[in-house]
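As structure tokens, the structure follows; a few thoughts come after it.
The values are calculated or read from the model by the stated rules, or taken from the named source; none is laboratory data. Predicted model, so just to flag it, every value in this text is computed and none were measured. Every residue, glycine among them, receives a Cβ derived from its backbone with ideal geometry; neighbour counts consider all protein chains shown. Heads up: the accessible areas ignore ligands, DNA and RNA and are worked out on the full protein's heavy atoms, side chains in. Shrake-Rupley method; radii C 1.70, N 1.55, O 1.52, S 1.80 Å.
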Amino acid sequence: MSGYARRGVHGQTVEAIAHRVLGGQLGEGATLDLAALQEELGVSLTALRESLKVLAAKGMVDARQKRGTFVRPRADWHLLDVDVLRWQFQSGTGPGSGASGVPPLLRDLAEVRGIVEPAAVRLAAERRTEADLAALDAALAAMAEADDGAPEAVEADLAFHRALLAASHNELLERMEMVISTGLAARDRIVHGPGHHPVDPVPSHRAVLEAVRAGDPEAAETAMRDLLAQAAQDLAELHEPPAS
């Protein structure tokens with residue numbers, strides 16, 4: 001499901017309620033007091049109801065006669081929806097706790113990438129076109145030119161991984177871009193944030209690209225697994241407890 005328009009009162013209202021649900025202020029099964037929400041958020045009842053329709057479409061809330069509007073169980077939420085993913089990354093929420101210190105949602109993302117991207121890059125090595133290689137070259141060049149942690153660096157990284165999935169020429173794998181890009185953007189902003197100095201990502205991405213260009217599925221998969229291992233190490237180091 002595509003994201004909704006986030007601008008204006010409507011978008012702000014959707015975001016405010018979503019973050020309360022994700023943050024636990026409105027827990028699973030809780031009935032929403034629409035009058036109180038309307039007053040607190042300073043919106044009309046029409047605007048509030050329209051915002052709740054957005055959340056209902058994402059499986060987060062529902063409305064029933066005699067019960068009113070309530071928060072649905074997390075198992076009903078559309079967790080692969082781009083907005084629900086983004087809200088979770090923004091709120092730092094997710095079930096369970098990471099023993100390594102890595103937030104559970106980022107751990108889940110790493111596991112999904114470990115399943116999807118090595119397989120996708122094998123197909124890319126076999127199926128890539130000149131247009132695919134041009135898109136990968138452009139993304140890598142942008143990554144090399146961008147300052148570490150700058151928005152341009154994040155966008156270049158996303159463009160590279162989007163281009164890899166597109167080069168698989170498998171429509172279902174291409175659609176995984178919505179999940180991977182949303183999570184990868186959040187991860188990049190954390191790992192490349194102020195005060196953090198992860199390993200230069202350009203060489204590992206270049207190794208993937210050159211294996212794809214050479215049409216070598218084995219080398220492409222190996223390079224991608226090396227890239228993902230480094231990404232996992234960068235994240236783990238960021239969440240290591242300080243030395244005593």
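Here are a few things to note about the model shown:
- Relative to the longest principal axis of the Cα atoms of the chain, the long axis of helix 130-145 lies at roughly 80 degrees.
- Degrees separating the helix 151-167 axis from the principal Cα axis of the chain, which is the longest one: 70
- 218, 171, 155, ranked by accessible area, largest first (probe 1.4 Å): 171, 218, 155
- Taking the average, over residues, of other Cβ atoms within 10 Å as the packing measure, peptides 172-180, 33-41, 104-112 rank 104-112, 172-180, 33-41 from highest down.
- Theoretical FRET efficiency, 1/(1+(r/R0)^6), r = Cβ-Cβ of residue 41 and residue 65, R0 25 Å, to 0.05: 0.55
- At full extension, residue 137 and residue 16 could sit 39.6 nm farther apart than now, given 0.36 nm per residue minus the alpha carbon distance.
- Per-residue accessible area (protein heavy atoms, 1.4 Å probe) orders 115, 190 as 115, 190, starting from the largest.
- Sequence-separation-based contact order of the chain, relative, with Cα cut under 8 Å and 6+ spacing, percent: 19
- Answer label for Cα extents along the principal axes in Å (calculated), chosen among (1) 64, 49, 30; (2) 42, 36, 35; (3) 62, 39, 32: (1)
- The charge dipole of the chain, taken about the Cα centre with unit charges on the Cβ atoms of Lys, Arg (+1) and Asp, Glu (-1), comes to about 1260 debye, rounded to the nearest 20.
- Carbon/sulfur fraction of accessible area - the chain, other protein chains in place, 1.4 Å, %: 54
- Mean-position separation - Cα centroids, segment 34-48 and segment 108-134, in angstrom: 45
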